[in-house]
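Enquirer: Provided herewith is a single structure, encoded as structure tokens, for subsequent inquiry.
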Amino acid sequence: MTEKALDKFYDHAKAEDKWYRHWEESGYFKSRDDEDKQNYCIVIPPPNVTGILHEGHALNNTLQDVLIRYHRMRGWNVLWQPGTDHAGIATQFVVERELLEEGVTKEEMGRDKFLERVWKWKEEKGGHILSQLKRLGASCDWSRERFTMDEGLSRAVREVFVSLYEKDLIFRGKYMVNWCPRCDTALSNLEVVMPEESEAEKGLLYYIRYPLADGDGALTVATTRPETMLGDTAVAVNPEDDRYKNYIGKKVRLPLTDHKIPVIADPHVDMEFGTGALKITPGHDFNDYEIGKRHGLGAPQAIDKLGKMTDYVPEKYRGLDRYDARKAAVADLDTSGLLEKTEPYKLMAGRCYRCKVVVEPIVSEQWFVRVGPLAERAIEAVRSGKTVIVPKAQEKEYYNWMENLRDWCISRQLWWGHQIPAWYCRDCHEMTVSRHDVTKCRHCESENIERDPDVLDTWFSSALWPFSTLGWPDETPELKRFYPNAAMVTAYDILKFWVARMMMMGVQFMEEVPFTDVYLHGLVRDELGRKKSKSLGNFVDPIMLIDEYGADALRFTLAIETFTGRDVRLGEERIEETKRFINKIWNASQFTLSNARDFDPSDGTEPDLSPADRWIRSRLNETVKAVHEHVGTYRFHEMADAIYHFIWDEFCDWYLEWTKPELYNSSSPGRKKAAQATLLYTLDASLKLLHPIMPFLTEEIYQATPDSGASIMVEAYPEADDGNKDPEIEAGMALVREIVIAVRNLRSENLIPASTKTDVTLIPDDDFARETAERLQGYILSPPQVQAASLEITGPGVSPDEKAVTRRCGPIQVCLDIAGLVDAGEEIARIGKETAKLEAELKKVMGKLGNEKFLSKAPPEVVAKQEEIKAELEARLETLRETRSRMELIRDKG
RNA sequence: GGGCGGGUAGCUCAGUUGGGAGAGCGUCGGCCUUACAAGCCGGAUGUCGCAGGUUCAAGUCCUGUCUCGCCCACCA
């Protein structure tokens with residue numbers, strides 16, 4: 001047998017590098033296609049190609065890897081499909097900035113050159129995040145890496161676009177959209193973000209007088225954006241508003257211009273707000289746009305796409321930036337006495353999610369997806385349970401969102417992205433939408449055509465990710481095998497952006513949901529529960545954490561902090577705790593391996609399982625069951641917790657101690673052999689259980705075990721084996737543990753130094769308890785902190801020595817002879833307190849048992865349980881009283 | 001304004017169908033016991049936000065209420 005041993009300390013850096021390379025080179029990450037096996041596929045939420053790993057990615061990918069490794073070890077056909085997203089605005093932004101440093105603008109460069117440049121950037125610097133995922137241990141099938149703009153996926157995008165267009169689910173039209181003047185592009189509603197409360201602008205509410213065109217008087221309107229008045233086409237009042245009824249139908253003179261605009265009545269106007277008169281700017285406000293449409297007002301554009309005043313406004317203001325125009329307008333109103341007053345007002349203006357510039361509603365020609373029909377089917381898919389959202393509470397968010405969807409603006413005035421496959425004819429002005437590039441107008445055959453310069457919203461291609469990555473629109477074997485995906489793992493803040501849209505597209509194009517489960521995890525926060533933000537400076541680079549603590553420590557900490565539906569707190573103390581756990585495992589492994597060095601399964605000795613061996617096997621079996629259950633329900637915290645407590649509390653704290661007598665001076669060769677076998681067996685199973693969460697550590701130790709194979713990651717995951725189940729021995733050992741704890745308690749409470757050995761007497765209530773105690777007595781003496789000089793087990797009915805302190809453990813009374821070692825006064829006080837506590841508990845139980853309704857209506861097993869509790873409490877109280885009287889004896893004698 | 005989720009030990013939080021209140025950290029006390037002092041053993045601490053209700057039985061279900069947070073929304 002080859003000599004294998006662990007180093008004194010675990011070197012995570014060395015192990016991570018070594019084993020990741022080993023796994024990758026061995027092809028273990030590659031998906032399998034075994035016909036007999038179940039299929040399990042997760043497609044990675046594609047990180048932006050510009051992305052840098054942050055803690056959210058670390059969490060997201062850890063959880064996915066746990067699921068993937070778990071299912072892979074169970075022998076399923078597993079595919080973790082990796083890839084990156086082209087991230088339209090983000091990527092264009094990065095490259096533009098690079099160009100800016102070189103003193104070139106993208107316009108000077110031209111579209112084609114610019115795109116070449118972006119591709120070059122992507123090849124050289126993009127996708128760095130994928131190598132960071134490898135550091136984390138992610139077991140993606142890297143041979144199948146995809147990019148949202150690679151050839152296959154672009155074809156999918158094209159197919160979907162044209163197909164939706166043909167079904168009239170995509171249309172082009174002039175509508176009001178959010179516009180980012182800095183990025184010079186339309187944005188979808190989701191790309192407009194509200195600033196933090198603290199960052200809200202301290203704006204003003206301006207009260208402006210609009211004089212009546214004929215006659216005296218004026219209407220005063222309130223606005224936060226005085227510059228938009230240059231585009232006003234009406235003033236609206238509520239039809240119910242008595243103050244203004246006379247004004248309806250009249251005209252007012254729009255200050256700063258020579259326009260006369262009507263006063264109209266519209267129920268949208270809130271009588272309580274401001275003056276109750278609302279200026280209407282259909283060109284630059286969503287509500288006003290709707291009102292304008294209702295009243296046929298038109299929507300003049302006063303502000304252009306770059307945020308500057310247009311030719312529509314009086315010459316004086318033309319070309320001014322919207323904020324300069326505001327200043328100018330306010331100044332002019334003030335001098336002409338039309339500015340009645342101003343009030344401070346908190347302004348929550350929407351901003352571009354990318355550059356944080358305040359967006360401007362602009363009317364323009366854009367492409368939209370008609371989401372109504374798509375959403376309907378996507379809602380139904382969740383309602384019917386075809387896709388299950390975990391946690392359940394998020395389903396409501398999903399419905400809420402889906403039922404109130406507006407059409408999705410999918411065109412972006414960018415260069416980087418999937419260019420819209422529509423051509424406009426300069427001759428007949430018809431449009432040609434096509435799966436293949438065209439050179440002629442489909443309607444008049446003219447070659448005088450021009451392609452729509454816009455590209456699609458990045459989320460459009462992301463929405464196809466669950467099937468486009470598998471080869472759709474081709475009918476590939478992968479598509480057949482892995483669609484629908486088994487699970488989608490992502491943070492809940494992405495539900496609307498992405499999950500909802502994947503659902504719509506999946507159901508539409510595959511006639512089948514994209515995934516059967518959606519698991520939504522929380523956001524990563526700092527140890528104080530704060531959001532990660534630049535201003536707080538609480539960002540931590542996960543790679544730095546991996547360098548310092550190891551990938552496994554980070555992964556395990558993230559997993560055990562992942563409570564369903566809640567945000568995850570990641571503080572370094574938590575990782576430190578995990579590091580201690582790793583050290584514990586390492587040391588327990590060293591102990592096991594060094595003590596099993598002379599273990600030879602084929603030496604002819606028949607292993608003789610001790611009660612402790614049977615106990616730990618039974619406990620392991622329970623743990624295995626629990627882990628399977630928890631993985632199946634995405635309870636990552638519980639999964640990690642179950643393994644943690646099994647290894648630390650049961651395997652290390654009890655079982656290892658109990659094996660020592662067998663290992664150091666065994667009673668028989670069979671017993672020693674069984675102990676060694678059980679140690680190895682339990683360690684091996686524990687490592688496998690833990691492997692999905694801590695891949696590197698478990699591989700490192702596994703490789704040092706005597707029967708290690710090529711890799712733990714392709715070993716079979718432990719399955720429950722009820723042959724190991726042993727309720728009888730579990731009950732017996734539970735009693736032993738109680739007795740050991742009782743002895744420790746008695747020693748500790750009576751301040752008996754560890755160097756002082758004491759005599760322990762056990763008084764069983766009946767013969768069965770006596771037999772149990774006798775059979776297992778070796779286990780009572782061996783754990784640390786018991787320090788018994790002798791152990792005597794008497795028969796039932798024996799009275800404790802009058803100088804002993806006692807404690808009851810179920811059917812057994814534990815007595816410790818500590819005459820002369822204990823302060824009787826203190827002991828009596830302690831007993832007094834404990835008696836009071838027990839009496840309170842007993843009273844509660846008695847209350848129940850004395851209640852007729854309880855007795856008649858409660859299930860019998862519950863009544864029996866209460867009887868049991870009552871008997872136990874009474875017995876403990878009796879013991880306490882006896883001890884107390886003995887203590888009084890000692891005190892009085894002393 | 002609408003929707004959702006929290007309020008349990010000093011701190012951070014578990015608690016899956018209602019049946020004797022838990023973990024980790026911290027704290028206090030005892031231990032260098034031959035895997036581990038990055039460790040071992042033990043103690044203390046809770047009107048489960050508040051008020052009602054359902055039930056034999058409520059941290060758990062219902063109603064109301066206070067409070068913190070998140071998401072959505074067309075109060076200029």
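The values are calculated or read from the model by the stated rules, or taken from the named source; none is laboratory data. Just so it is clear, the structure is predicted and the values come from calculations on it, not from any experiment. Note that each Cβ is placed from the backbone with ideal geometry, even for glycine, and that neighbours are counted across all protein chains shown. All accessible areas refer to the heavy atoms of the entire protein, side chains included, with ligands and DNA or RNA removed. Shrake-Rupley method; radii C 1.70, N 1.55, O 1.52, S 1.80 Å.
Enquirer: Counting only DSSP beta bridges with both residues in region A:416-522, what percent are antiparallel, rounded to the nearest 5? Walk me through the numbers on the way to the answer.
Expert: On the way: 7 of 13 bridges.
Counting DSSP beta bridges with both partners in region A:416-522, the antiparallel share is about 55 percent.
Enquirer: Grab the eigenvalues of the alpha-carbon gyration tensor for region A:242-336, scale each by 5, take roots, and send me the semi-axes largest first in whole angstrom.
Expert: Values: eigenvalues 122, 53, 32 Å².
In descending order the semi-axes read 25, 16, 13 Å.
Enquirer: Between residue A:174 and residue A:572, what is the FRET efficiency for a Förster distance of 45 Å, r being their Cβ-Cβ separation, to the nearest 0.05? Please list the in-between numbers first.
Expert: Working: r = 54 Å, r/R0 = 1.20.
The formula returns an efficiency of 0.25 here.
Enquirer: Starting from the Cα coordinates of region A:721-866, work out the convex hull volume and express it per residue in Å³.
Expert: Working: hull volume 21.8 nm³, N = 146.
Once divided by residue count, the hull of region A:721-866 is 149 Å³.
Enquirer: Percent relative contact order of region A:765-894, based on C-alpha pairs within less than 8 angstrom and at least six residues apart?
Expert: Once divided by the residue count of region A:765-894, the mean separation gives 29 percent.
Enquirer: How much length is gained if the chain between residue A:597 and residue A:580 is pulled fully straight, taking 0.36 nm per residue apart and subtracting their Cα-Cα distance, in nm to one decimal?
Expert: On the way: separation 17, 0.36 × 17 = 6.12 nm, distance 2.57 nm.
Fully extending the segment from residue A:597 to residue A:580 adds 3.5 nm.
Enquirer: Another question, if that's okay. Roughly how tilted is helix A:371-383, in degrees to the nearest 10 and between 0 and 90, from the longest Cα axis of chain A?
Expert: Approximately 10 degrees, to the nearest ten.
Enquirer: Still on this structure, I have one more. Would you check the accessible area of residue A:294, probe 1.4 Å, heavy atoms only, in square angstrom rounded to 10?
Expert: Counting only protein heavy atoms, the figure is 140 Å².
Enquirer: Positive end of the dipole of region A:390-449, charges at C-beta (+1 Lys, Arg; -1 Asp, Glu), about the Cα centre: which of A:404, A:419, A:436 has its Cα farthest in that direction?
Expert: Sorting the options by dipole projection puts first A:404.
Enquirer: In nm, to one decimal, how far is the residue A:52 label point from the residue A:293 one, both placed 7 Å along Cα→Cβ?
Expert: That separation, rounded to one decimal, is 4.4 nm.
Enquirer: Averaged per residue, what accessible area in Å² does region A:585-633 show with a 1.4 Å probe, protein chains only?
Expert: Values: 1990 Å² over 49 residues.
Per residue, region A:585-633 has an accessible area of 41 Å².
Enquirer: Between region A:234-253 and region A:142-172, what is the C-alpha centre distance in whole Å?
Expert: Taking the Cα centre of each part, region A:234-253 and region A:142-172 sit 51 Å apart.
Enquirer: Filter the GluC sites (Glu not before Pro) in region A:97-141 to those in DSSP coil with at most 15 other Cβ atoms within 10 Å of their Cβ, and list the result. It would help to have the intermediate numbers written out before the result.
Expert: Working: sites: A:98, A:101, A:102, A:107, A:108, A:116, A:123, A:124; in loops: A:102.
Passing both the DSSP loop test and the Cβ count: A:102.
Enquirer: Once both labels are modelled 7 Å past Cα along the beta-carbon direction, what's the residue A:438-residue A:413 spacing in nm?
Expert: It works out to 2.5 nm between the two label points.
Enquirer: May I ask you to give the solvent-accessible area per residue for region A:399-521, in square angstrom, as obtained with a 1.4 angstrom probe? Provide the component values of the computation, followed by the final result.
Expert: Details: 4690 Å² over 123 residues.
Spelled out: the 1.4 Å probe surface of region A:399-521, per residue, equals 38 Å².
Enquirer: Starting from the eigenvalues of the Cα gyration tensor, five times each then square-rooted, give me the equivalent ellipsoid semi-axes of region A:577-682, largest first, whole Å.
Expert: 28, 15, 11
Enquirer: Moving on. Grab the Cα-Cα distance for residue A:396 and residue A:286, subtract it from 0.36 nm times how many residues apart they are, and report the gain in nm with one decimal. Write out the running numbers ahead of the final one.
Expert: Working: separation 110, 0.36 × 110 = 39.60 nm, distance 2.70 nm.
Length gained between residue A:396 and residue A:286: 36.9 nm.
Enquirer: What is the helix-to-structure angle for A:824-849, meaning the angle in degrees between its Cα long axis and the longest Cα principal axis of chain A, kept from 0 to 90 and rounded to the nearest 10?
Expert: Relative to chain A, helix A:824-849 is tipped by roughly 60 degrees.
Enquirer: Using the Karplus equation 6.51 cos²θ - 1.76 cosθ + 1.60 (θ = phi - 60°), what ³J(HN,Hα) coupling, rounded to whole Hz, does each residue of region A:590-597 give in order, writing x for Gly and Pro?
Expert: 4, 4, 4, 5, 6, 7, 9, 4
Enquirer: Grab the beta carbon distance between residue A:853 and residue A:775, set R0 = 35 Å, and tell me the FRET efficiency rounded to 0.05. Present the calculation step by step, with values, prior to reporting the outcome.
Expert: Values: r = 43 Å, r/R0 = 1.24.
E(calc), rounded to 0.05, equals 0.20.
Enquirer: I need the GluC sites (Glu not before Pro) found in region A:238-336, filtered to DSSP loop residues with at most 16 other beta carbons within 10 Å of theirs.
Expert: On the way: sites: A:240, A:272, A:290, A:315; in loops: A:240, A:272.
In loop regions of region A:238-336 (DSSP not H, G, I, E or B), the sparsely surrounded GluC sites (Glu not before Pro) are A:240, A:272.
Enquirer: Specify the angular offset, from 0 to 90 degrees and rounded to the nearest 10, of the alpha carbon long axis of helix A:286-295 from the longest principal axis of the alpha carbons in chain A.
Expert: With rounding to tens, the tilt is 40 degrees.
Enquirer: Sequence-distant or interchain residues sharing an amide H contact under 5 Å with residue A:666, placed H: which?
Expert: none
Enquirer: Report, for chain A, the % of DSSP beta bridges that are antiparallel, rounded to 5. Each step should come with its number before you reach the end.
Expert: Working: 64 of 92 bridges.
DSSP beta bridges in chain A are roughly 70 percent antiparallel.
Enquirer: Next question, about the same structure. Hey, rough spin-label estimate for residue A:660 and residue A:475, points 7 angstrom out along Cα→Cβ, what's it come to in nanometres?
Expert: 6.8 nm
Enquirer: Which residue, A:815, A:790, A:845, has the largest displacement toward the positive end of the dipole of region A:788-856 when charges sit on each Cβ (Lys, Arg +1; Asp, Glu -1)?
Expert: Sorting the options by dipole projection puts first A:845.
Enquirer: Nearest 20 debye, what's the magnitude of the dipole of chain A about its Cα centre given +1 on Lys and Arg Cβ and -1 on Asp and Glu Cβ?
Expert: On the way: 119 positive and 150 negative charges, 348 e Å.
Dipole of chain A, to the nearest 20 debye: 1680 debye.
Enquirer: Let me ask you something else. From Cα pairs below 8 angstrom and at least 6 apart in sequence, can you work out the relative contact order of chain A, rounded to a whole percent?
Expert: 12 percent
Enquirer: What net charge is computed for the residues neighbouring residue A:737, neighbours being all others with C-beta under 12 Å from the C-beta of residue A:737, Lys and Arg scored +1, Asp and Glu -1?
Expert: Here the charged neighbours net out to -4.
Enquirer: Any chance you could run the full-extension gain for residue A:37 through residue A:606? It's 0.36 nm times the residue separation minus the Cα-Cα distance, nm to one decimal. Write out the running numbers ahead of the final one.
Expert: On the way: separation 569, 0.36 × 569 = 204.84 nm, distance 3.73 nm.
Extending this stretch completely gives an extra 201.1 nm.
Enquirer: Sticking with this one: Please give the Cα centre distance for region A:380-452 versus region A:303-333, rounded to the nearest Å.
Expert: The two parts, judged by their Cα centres, are 35 Å apart.
Enquirer: On to the next question. Given the -39500 (n - 2.57) contribution per DSSP H run of 4+ residues, what per-residue ellipticity at 222 nm results for chain A, rounded to the nearest 500 deg cm²/dmol?
Expert: Working: 29 runs with 380 residues, N = 894.
Taken over chain A, the calculation gives -13500 deg cm²/dmol.
Enquirer: Sticking with this structure for a sec: Under the rule of at least 5 residues apart or a separate chain, name every residue whose amide H is placed under 5 Å from the amide H of residue A:340.
Expert: A:207, A:208, A:209
Enquirer: A further question follows. I'd like the distance separating the alpha-carbon centroids of region A:850-886 and region A:731-805, in whole Å.
Expert: 24 Å
Enquirer: Sticking with this structure for a sec: Which parts of region A:666-703 would a label at residue A:721 reach, counting a residue when its backbone N lies under 15 Å from a point 7 Å out along Cα-to-Cβ?
Expert: What the label zone holds, given the 15 Å backbone N cut-off, is A:674-689.
Enquirer: May I ask you to give the percent of accessible area on region A:33-83 that is carbon plus sulfur, with a probe radius of 1.4 Å? Don't skip to the end; give the middle numbers.
Expert: Numbers: 550 of 1420 Å².
Carbon and sulfur together cover 39 percent of it.
Enquirer: R0 = 45 Å: FRET efficiency of residue A:260 with residue A:512, Cβ-based, nearest 0.05? All intermediate terms of the calculation are to be shown ahead of the outcome.
Expert: On the way: r = 60 Å, r/R0 = 1.33.
With a Förster radius of 45 Å, E is 0.15.
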